[in-house]
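Trainee: Have a look at this one before I ask anything.
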Amino acid sequence: MRIDIISLFPEMFAGPLGHSILKRAQEAERLHINVVNPRDFTFDKHHTVDDTPFGGGAGMVMKPEPFFRAVDHITKDSTITNRRIVLMCPGGYRLDQAKVKELANYEQLILLCGHYEGIDERVRLHLVDETISVGDYVLTGGELPAMIVADSVARMLPGVLGSSDSAPQDSFYNGLLEYPQYTRPREFNGMEVPEIIVSGDHAKINRWRHKQSLKNTLERRPDLLENKELSVEDAKLLAEIIAEQTGG
Ligand code: 21W
């Protein structure tokens, strides 16, 4: 997959996208990340990327032309047809794992980052396919959100995670939170690991883990259970959890 990022601050991306799993993915050529600066697509002496808002008001608005030209530059002479152009935008679709999986199916993602007070509306209306937010809080720009999209999408690509079956084990894969994990030592400052986890009975361990997933989800993120179809086994485990909670 190719991920092209359009940002006024290309240097911001080197750290987060240049380490660990994403570094390896790029070295293995499963992922190509390219950051371009809209300032390089301005023709005036001062390389102007923003201007005062029509209609008045405080702050500056990012001009449309540098974004259109940057996207043109990225897409021209390319054989890729299966691409998605995404604007990082506080009012966009709130990113979730289903969206991440959907984005991972494209050959190329082009992520546009705004800054300052916002971007000329014609970019949203006529240049991009969709807008994405990373949550209901205000950041200073679209750079951190673009990194979140790049990171979450990259780890879904085949061969990017070390062990090929790591991704399906994650939180949200089956719509539940994860079960608790433990490693050595078995006892630390009087804190012990649950007996079952060292029992060696893998059928029991798997059932315990799944029950813990359900319990964690019920206690911390009950909203995740509301739209979930429960298997007979899940319903039984949930009934056990609720009975234990109410002391029954
Ligand atoms: C913050 C841009 C505020 C625009 C009148 C009309 C991208 C983001 C961002 C930013 C405004 C995301 C205005 C979660 C985020 C992002 C910077 C408001 C000014 N005045 N996800 N419009 N949170 N943030 N616009 O902040 O670019 S995805």
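Trainee: What about E229, is it out of contact with any helix residue (DSSP H, G or I) (no Cβ under 9 Å at 6 or more places or on another chain), part of a loop (DSSP other than H, G, I, E, B) and closer than 24 Å to K99 by Cα?
Mentor: Values: out of contact with any helix residue (DSSP H, G or I) (no Cβ under 9 Å at 6 or more places or on another chain): yes; part of a loop (DSSP other than H, G, I, E, B): yes; closer than 24 Å to K99 by Cα: yes.
Yes.
Trainee: Moving to a separate point now. Among the residues of the range 55-94, write down those that are farther than 19 Å from H115 by Cβ and within 14 Å of the ligand (Cβ to nearest atom).
Mentor: Residues satisfying the conditions are G55, G56, Y93, R94.
Trainee: Find the residue count for the range 49-67, including only residues that are surrounded by 14 or more Cβ atoms within 10 Å (Cβ to Cβ) and more than 14 Å from D4 (Cα to Cα).
Mentor: 10
Trainee: Out of the range 48-103, which residues are touching a helix residue (DSSP H, G or I) at 6+ places or on another chain (Cβ under 8 Å) and part of a strand (DSSP E or B)?
Mentor: Residues satisfying the conditions are M62, R83, R84, I85, V86, L87, M88, C89, Y93.
Trainee: If we scan the range 106-116, do we find a residue that is modelled with pLDDT under 95 and part of a loop (DSSP other than H, G, I, E, B)?
Mentor: Scanning the range 106-116 turns up at least one residue that is modelled with pLDDT under 95 and part of a loop (DSSP other than H, G, I, E, B).
Trainee: Give A14, A28, A70 a once-over and let me know the one that is surrounded by fewer than 16 Cβ atoms within 10 Å (Cβ to Cβ) and touching a residue at least 40 places away in the same chain (Cβ under 8 Å). I'd like the intermediate steps shown before the answer.
Mentor: Working: A14 fails: touching a residue at least 40 places away in the same chain (Cβ under 8 Å); A70 fails: surrounded by fewer than 16 Cβ atoms within 10 Å (Cβ to Cβ).
None of the others qualify; the one that does is A28.
Trainee: Across the range 117-137, which residue is farthest from E65 (Cα to Cα) among those that are β-branched (V, I, T) and outside any loop (DSSP other than H, G, I, E, B)? Lay out the reasoning, then the answer.
Mentor: Just the residues of the range 117-137 that are β-branched (V, I, T), to begin with: 119, 123, 128, 131-132, 134.
Retained after the next criterion (residues that are outside any loop (DSSP other than H, G, I, E, B)): 119, 123, 131-132.
Numbers: I119: 11, V123: 9, T131: 18, I132: 21 Å.
Restricting to residues being β-branched (V, I, T) and outside any loop (DSSP other than H, G, I, E, B), the top hit is I132.
Trainee: Could you pull out the residue among M1, M88 that is modelled with pLDDT of 95 or more and under 18 Å from G141 (Cβ atoms)?
Mentor: Just one listed residue meets the conditions, M88.
Trainee: Take the range 97-141 and flag every residue that is surrounded by fewer than 13 Cβ atoms within 10 Å (Cβ to Cβ), within 13 Å of the ligand (Cβ to nearest atom) and charged (D, E, K, R).
Mentor: E121, D136
Trainee: Do the conditions hold for I85, that is, is it under 14 Å from P145 (Cα atoms) and β-branched (V, I, T)? Give the derivation first.
Mentor: Working: under 14 Å from P145 (Cα atoms): no; β-branched (V, I, T): yes.
Against the criterion (under 14 Å from P145 (Cα atoms) and β-branched (V, I, T)), I85 does not qualify.
The values are calculated or read from the model by the stated rules, or taken from the named source; none is laboratory data. Just so we're clear, the structure is a prediction, and the values are computed from it rather than from any experiment. Virtual Cβ from ideal backbone geometry, glycine too; neighbours counted across all protein chains shown.
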